[in-house]
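Take a look at the structure set out below.
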Amino acid sequence: MLVINKIEEVKVVVNEWRQKGLSIGFVPTMGALHQGHLTLVKQAVKENDKVIVSVFVNPVQFNNPRDLETYPRTLDADVAMLQEVDCDMVFAPTAKEMYPTAESTSANYDLGGLDEVMEGAYRPGHFQGVVLVVDKLLRITQPYKAYFGKKDYQQLVIIKHMVATLGLPIQIVPVPIVREADGLAMSSRNRRLTEVQRQVAPTIFKSLEWIKTHCQAKTVTELEQAAVKQLETAGFKVDYVSIVDRLSLQTLSPEQKPVHAVVCVAAYLGEVRLIDNMELGS
Ligand code: AMP
């Protein structure tokens with residue numbers, strides 16, 4: 001497995017692979033890998049001749065400096081895990097390599113308002129930073145297919161929108177959420193939870209399941225309010241519980257029953273901010 005940190009070196013290998021007619025699959029990550037990430041990589045290995053995984057904690061998408069500072073970084077362990085699942089190349093650039101100048105960090109993509117709701121409302125500029133780095137990474141790695149987890153549901157919708165509006169010849173492959181046995185969605189941030197917080201954290205999954213069970217019988221407002229209460233009672237500070245249309249991410253009217261919807265949650269346990277979601281209806 002190649003471990004590369006220079007863009008030009010990646011391009012040389014990618015050109016060789018493409019000239020040989022080999023298909024390339026790409027999985028962008030911020031490292032601190034867990035089974036959720038590895039599920040994406042394993043699917044990519046099955047569906048492509050060559051697989052590239054990027055490990056890059058993208059400073060431009062962090063609106064909270066403390067979150068950036070405390071984000072776990074475990075490159076040696078990541079490389080060992082990727083070797084085990086037959087990844088072909090790890091691209092682990094420095095911030096300077098990705099953003100050589102101050103201007104190269106600025107982004108102004110038209111994301112059709114998809115970036116203004118939920119995570120976008122609570123993390124201003126976050127999705128501009130995500131789209132900027134994914135756009136750069138896709139241009140460097142030139143994949144046929146790129147894999148994104150449904151764990152970051154809004155991000156997936158926005159990346160699909162970006163690829164469609166820029167006309168990039170890349171298939172975006174969504175991968176279902178991978179959960180711990182007790183329902184907690186796997187996340188690099190979970191390792192920052194204390195033992196007690198870790199016991200409480202699956203309440204998010206329970207609230208999502210509660211909404212799914214009751215979504216035909218109650219209104220959107222009733223469902224959202226009940227879930228917020230469940231989470232607050234368990235000790236969370238809730239940013240939002242939002243039931244939205246799966247494609248437009250627009251809120252449903254309060255009296256509507258959720259069909260072809262998704263419920264998205266963001267909530268803090270202490271300093272750790274967790275997100276999760278579940279698709280509702282058919
Ligand atoms: P991150 O390193 O958090 O930026 O995640 C890299 C990719 O892995 C993103 O497409 C995430 O949505 C995906 N991912 C992270 N955790 C999970 C999970 N528990 N299940 C499925 N995909 C995940």
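Within the group VAL200, VAL244, which residue is surrounded by 19 or more Cβ atoms within 10 Å (Cβ to Cβ) and among the β-branched types (Val, Ile, Thr)? Even if it seems obvious, please write down each step before you answer.
Values: VAL200 fails: surrounded by 19 or more Cβ atoms within 10 Å (Cβ to Cβ).
Only one candidate passes the filter, namely VAL244.
Residues of the range 8-41 being in a helix (DSSP H, G or I) and either touching a His at 6+ places or on another chain (Cβ under 7 Å) or β-branched (Val, Ile, Thr) (or both), which ones? Please lay out each step first, then the result.
Here is the first cut: in the range 8-41, the ones in a helix (DSSP H, G or I) are 8-19, 35-41.
Result: VAL10, VAL12, VAL13, VAL14, THR39, VAL41.
Consider only pairs whose beta carbons are under 9 Å apart and that are at least six residues apart or on different chains; among these, list those whose first residue lies in the range 137-163 and is in contact (Cβ under 8 Å) with a residue 24 or more places away in the chain and over 25 Å from ASN5 (Cα atoms) and whose second residue is surrounded by 19 or more Cβ atoms within 10 Å (Cβ to Cβ) and among the hydroxyl-bearing types (Ser, Thr, Tyr).
LYS151/SER187
Residues in the range 135-147: is at least one acidic (Asp, Glu), farther than 26 Å from LYS50 by Cα and touching a helix residue (DSSP H, G or I) at 6+ places or on another chain (Cβ under 9 Å)?
Going through the range 135-147, the residues acidic (Asp, Glu) turn out to be 135.
Pick out the ones that are also farther than 26 Å from LYS50 by Cα and you get none.
Scanning the range 135-147 turns up no residue that is acidic (Asp, Glu), farther than 26 Å from LYS50 by Cα and touching a helix residue (DSSP H, G or I) at 6+ places or on another chain (Cβ under 9 Å).
So how many residues does the range 116-158 have that are among the acidic types (Asp, Glu), within 16 Å of the ligand (Cβ to nearest atom) and closer than 19 Å to ALA266 by Cα? Reasoning before the result, please.
Kept after step one, since they are among the acidic types (Asp, Glu), are these residues of the range 116-158: 116, 119, 135, 152.
Subsequent filtering for residues that are within 16 Å of the ligand (Cβ to nearest atom) retains 119, 135, 152.
Narrowing the set further to residues that are closer than 19 Å to ALA266 by Cα leaves 119, 152.
Final tally of qualifying residues: 2.
So is GLU47 within 16 Å of the ligand (Cβ to nearest atom), under 16 Å from the mean Cα position of the chain (by Cα) and charged (D, E, K, R) or not? Before you say what the answer is, go through the steps one by one.
Numbers: within 16 Å of the ligand (Cβ to nearest atom): yes; under 16 Å from the mean Cα position of the chain (by Cα): no; charged (D, E, K, R): yes.
Judged against the criteria, GLU47 is not a match.
So, in the range 174-191, of the ones that are within 20 Å of ILE158 (Cα to Cα) and surrounded by fewer than 17 Cβ atoms within 10 Å (Cβ to Cβ), which residue ends up nearest to the ligand (Cβ to nearest atom)?
Taking the candidates together, the pick is PRO176.
Select from the range 73-127 the residues that are among the charged types (D, E, K, R), touching a residue at least 40 places away in the same chain (Cβ under 8 Å) and surrounded by fewer than 20 Cβ atoms within 10 Å (Cβ to Cβ) and list them in ascending order.
Residues of the range 73-127 that are among the charged types (D, E, K, R), as a first pass: 73, 76, 78, 84, 86, 88, 96-97, 103, 110, 115-116, 119, 123.
Checking which are touching a residue at least 40 places away in the same chain (Cβ under 8 Å) leaves us with 73, 78, 86, 88, 97, 110, 115, 119, 123.
Within the range 73-127, ARG73, ASP86, GLU97, ASP110 qualify.
For the range 184-231, which residues satisfy the criterion of being aliphatic (A, V, I, L, M) and more than 21 Å from the chain's Cα centre (by Cα)?
Step one: list which residues in the range 184-231 are aliphatic (A, V, I, L, M), which gives 184-186, 193, 196, 200-201, 204, 208, 211, 217, 220, 223, 226-228, 231.
Those that are aliphatic (A, V, I, L, M) and more than 21 Å from the chain's Cα centre (by Cα): VAL196, VAL200, ILE211, ALA217, VAL220, LEU223, ALA226, ALA227, VAL228, LEU231.
Is the range 25-43 home to any residue that is away from the ligand (no atom under 16 Å from the Cβ) and either without any contact (Cβ under 8 Å) to a residue 40 or more places away in the chain or of a type in the set (Gly, Ala, Ser) (or both)?
Applying the first criterion (away from the ligand (no atom under 16 Å from the Cβ)) to the range 25-43 yields none.
No, the range 25-43 has no match at all.
Can you say whether ALA164 is in a strand (DSSP E or B) and more than 7 Å from the ligand (Cβ to nearest atom), as far as the supplied structure shows? So that I can check it myself, show each step before the final result.
On the way: in a strand (DSSP E or B): no; more than 7 Å from the ligand (Cβ to nearest atom): yes.
Considered against the rule, which asks whether it is in a strand (DSSP E or B) and more than 7 Å from the ligand (Cβ to nearest atom), ALA164 comes out as no.
Residue check: is VAL157 within 12 Å of PRO28 (Cα to Cα), within 13 Å of the chain's Cα centre (by Cα) and crowded, with 19+ Cβ neighbours inside 10 Å? Please lay out each step first, then the result.
On the way: within 12 Å of PRO28 (Cα to Cα): no; within 13 Å of the chain's Cα centre (by Cα): yes; crowded, with 19+ Cβ neighbours inside 10 Å: yes.
When the stated conditions are applied, VAL157 does not pass them.
Bear in mind these aren't lab numbers, they're just calculated from the coordinates by the rules spelled out. In this text, all values refer to a predicted model and were calculated from it rather than measured experimentally. Backbone-built Cβ (ideal geometry, glycine too); neighbour counts: all protein chains shown.
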